Ligand code: ATP
Ligand code: MG
């Protein structure tokens, strides 16, 4: 009896196994395709039903080849963020799963290209022929894989390199009201990377088409596209594209970093990114918090900026420096998004609209700007003089407000103010004219030695140019050490001061005709 039962069970099991095998081989030949249906479409969002197995952030395909990301996973329906022109979509349209997450093409082919966040070309060229694609969201490098910031990222802007130095692998926020020169600082920094083995990624999020075109034209005109990738979403496109743009751009940059390269990435700007995410979250009916931003707004920015780092040499030694840009309103840096980003980054460059109006360009407010790690990476020759200059400048700013009331000043105060004015004049710089390291050092040494103090303010630009040009007159070993930024010996320093003093001789003794009626100076 038991024998018959065992025999029967055995035969049954064999039958089941054969059935299972047949099912598996059938599925292997004809994979099961899950197809859902669009329930409704609103600004940049679609609700879809009939995809019970879809994963979080899985890529979905809509009619017309439009991609979407599965964002809200509810039991009955899913909320999908659309990545492209969605106006032709209708209720009832078919939606397919892809089984993968959003990715972008990466590698050398992306250099020199202008692409959208999906990696599609926006310039005249062919689609990038990348051998690899990588997901746009990746975990940041682990703590143990990171090294301290030790190499400077020269911006070519005197005020930043001398007083608020940035290191490779640092995250430095640029913030300021609208039209204060935020983009210009970032673009100038990219221009200065020419010949310095730093790849750059400029990510424009929700900017006006004209500003993006201007930025790309500037990069092209200065030969900077040879080492730069531009990732663009415009203000009138689907908010989903603005949301994924910085992640996609970071993946392109990160791939170069893991290859051992130094990379610089600019996010212009994260205010637009936060707004796009707020728009999506509200449409997806996520609960709004402070300033109607969703609760995870801090997290979306911190997980983005954590990907910037300096890898230790065992990991290739590459670095990713991030310059996120934030637009403030009426200089309010205590608004939600600015405070978040100030706390995530390693320092900030604050641009002041009042300095901008007075033509003190770049309009960096030195008192409100800080770089928390860059000082360690700053070139020694600059660091040696930067401390003195910062102190002199801070004293000047404090005394300047007294001087404004026409108070009678003693000789010492007057000297501090005159010195401060010369420092400010020397830190002015036009757009797209980066100053090489050697010239910066010579200038700062001359400034800290107070060589400019007797020169009329009106003559400062000319005098500055003359001092910068003395680099060519210095002997070769000194020129080499200036280019490398190594610590200056007493003799070297003396030689620079001597030559600079000679160059400034013709400017001395001239009367400061503009003194007193220099509008900008007296108003400040
Ligand atoms: P938005 O808020 O519109 O993005 P922004 O803060 O990025 O503006 P920019 O577009 O960089 O500001 O600059 C505003 C204007 O100031 C531009 O016309 C630019 O040419 C000019 N500008 C910026 N920096 C300088 C400079 N150092 N010297 C002269 N002009 C400058
Ligand atoms: Mg801008």
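Among bridges DSSP assigns within the chain, what percent are antiparallel (round to 5)?
55 percent
Short version: what are the Cα gyration tensor semi-axes of the stretch 384-491, square root of 5 times each eigenvalue, largest first, in whole Å?
28, 15, 12
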Completion exercise
Computed, not fitted: 222 nm per-residue ellipticity of the chain from DSSP H runs ≥ 4 (each -39500 (n - 2.57)), nearest 500, equal to -12500 deg cm²/dmol
Problem - Extended-chain gain in nm, criterion 0.36 nm per residue less alpha-carbon gap, residue 335 and residue 145 - result: 65.0 nm
Problem - Dimensionless Rg over Rh [the stretch 144-204; C-alpha; Kirkwood] - result: 0.97
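Where does each of 455, 185 land when they are ranked from fewest to most other beta-carbon atoms within 10 angstrom? The partial results should precede the final answer.
Numbers: 455 21, 185 25.
Least crowded to most crowded, the residues run 455, 185.
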Handout entry: Label point distance in nm, residue 469-residue 368, each placed 7 Å from Cα along Cα→Cβ
Key = 3.8 nm
Exercise for the section: With all distinct Cα pairs included, what does the Kirkwood hydrodynamic radius of the stretch 1-145 come out to in Å, to one decimal, could you say? Expected result: 18.9 Å
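Provide the convex hull volume over Cα atoms per residue for the stretch 327-407, in Å³.
125 Å³
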Fill in the blank from the handout: Over all pairs of different Cα atoms in the stretch 169-256, the reciprocal of the mean inverse distance gives a Kirkwood radius in Å of 13.8 Å
Completion exercise
Largest-first semi-axes in Å of the equivalent ellipsoid built from the Cα gyration tensor of the stretch 263-308 are 22, 11, 8
Problem - Highest average packing first - 237-250, 381-394, Cβ atoms within 10 Å - result: 237-250, 381-394
Problem - Angstrom value of the Kirkwood radius, inverse mean 1/r, which spans all Cα pairs in the chain - result: 26.0 Å
Problem - Within the stretch 307-341, backbone nitrogen closer than 20 Å to the virtual label 7 Å beyond the Cα of residue 108 toward Cβ - result: 316-319
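Quick one, can you get me the convex hull of the C-alpha atoms of the stretch 370-420 expressed as volume per residue in Å³?
It comes to 70 Å³ per residue, whole-number rounded.
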Completion exercise
Nearest 10, in degrees from 0 to 90: the angle of helix 209-221 to the longest Cα principal axis of the chain is 60 degrees
Problem - Gain in span if fully extended, residue 497 to residue 480, counting 0.36 nm per residue against the direct Cα distance - result: 4.4 nm
Problem - Equivalent-ellipsoid semi-axes of the stretch 278-370, from the Cα gyration tensor, Å, largest first - result: 26, 25, 9
Problem - Fraction in percent of alpha-carbon pairs per bin - 5 Å, the stretch 74-122 - result: 4, 12, 20, 20, 17, 12, 8, 5, 2
Fill in the blank from the handout: Taking only the alpha carbons of the stretch 422-476, the radius of gyration and the largest Cα-Cα distance, Dmax, both in angstrom, are 11.0, 33
Exercise for the section: Round to the nearest 10 and give me the degree value, 0 to 90, for the angle of helix 2-29's Cα axis relative to the longest principal axis of the chain. Expected result: 50 degrees
Fill in the blank from the handout: Expressed as a percent, the portion of alpha-carbon pairs in the stretch 211-296 spaced more than 23 Å apart is 36 percent
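FYI, it's all coordinate maths here, none of it is from the lab. Quantities reported herein were computed from a predicted structural model and do not represent experimental measurements. As a convention, Cβ positions derive from the backbone with ideal geometry for all residues, glycine included, and neighbour counts pool all protein chains shown.
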